[in-house]
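Down below is the structure, laid out as structure tokens.
Values quoted throughout were computed directly from the atomic coordinates according to the rules given, and no laboratory measurement underlies them. All figures in this text were calculated on a predicted structure; none of them were measured in a lab. When we count neighbours, we look across all protein chains shown, and the Cβ atoms used for this are built from the backbone with ideal geometry, even at glycine.
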Amino acid sequence: MTEEDDEDAYLVKKVDKNIKLEQIDLPAIYHYLDEDFYDFFEALANTNKIKYFNNRVIQSMVEFNFPLVRKFMLAFLITPFIIFHLTFVLYMNLVYESREEEGYENYNFYIGLFLIAVAVYFLLIEAVQLKNQKLGYLISIWNYIDIISPLGVITI
């Protein structure tokens, strides 16, 4: 191998490659402590343009903040609903049937009061959602399902 062959081995061939650069100029808005964070995500939540969510930057911002949303949902929606549901099932199967018997009156009153308080909590959440979504709230069948359970408990 000659010196000339060594130089040829290290020569770089010209390669054409297209590079796609995506950029969004939103300094610090990705974090919930930023003052514009809530306005930005409120606008995203209310948009009708689903194509925005195909943008990798928007997807990354949503994924970055998902742990915070998950923590909120567990603490304020899922855990209270599980407690509500289990309490309701136990109440209907153990206490409600025996509510007239001696010793069950207090259980019936306090558990019933707890169930009504939690039902009102869920109805308030639905009221906030109705306020935020306005008439769009009435379009989704899931919102009606969300209202049926607390209203059923209050009427029983």
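Table for the structure above
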item: Listed pairs 14/49; 49/134; 49/131; 20/49 exceeding 30 Å between Cα atoms; result: 14/49
item: Euclidean distance of C-alpha centroids, segment 28-47 and segment 80-108, integer Å; result: 43
item: Residue-averaged 222 nm ellipticity for the chain, from DSSP H runs of 4+ at -39500 (n - 2.57), nearest 500; result: -19000 deg cm²/dmol
item: Residue order, fewest to most beta carbons within 10 Å, for 141, 156; result: 141, 156
item: Charge context of residue 133, other residues only, Cβ under 14 angstrom, K/R +1, D/E -1; result: -1
item: Residue with peak Gaussian network fluctuation, the chain [Cα springs, cutoff 10 Å], from 18, 65, 93; result: 18
item: Of the DSSP H helices in the chain, those whose Cα atoms cover at least 18 Å axially and whose Kyte score averages 0.0 or more; result: 56-73, 105-133, 141-155
item: Residue of 89, 15, 57 that the Gaussian network model of the chain assigns the largest fluctuation, springs spanning Cα pairs under 10 Å; result: 15
item: In segment 83-156, the GluC sites (Glu not before Pro) that fall in loop regions by DSSP, at most 16 other Cβ within 10 Å; result: 100, 101, 102
item: Extreme residue, positive dipole direction of the chain, given options 110, 29, 64 (C-beta unit charges); result: 110
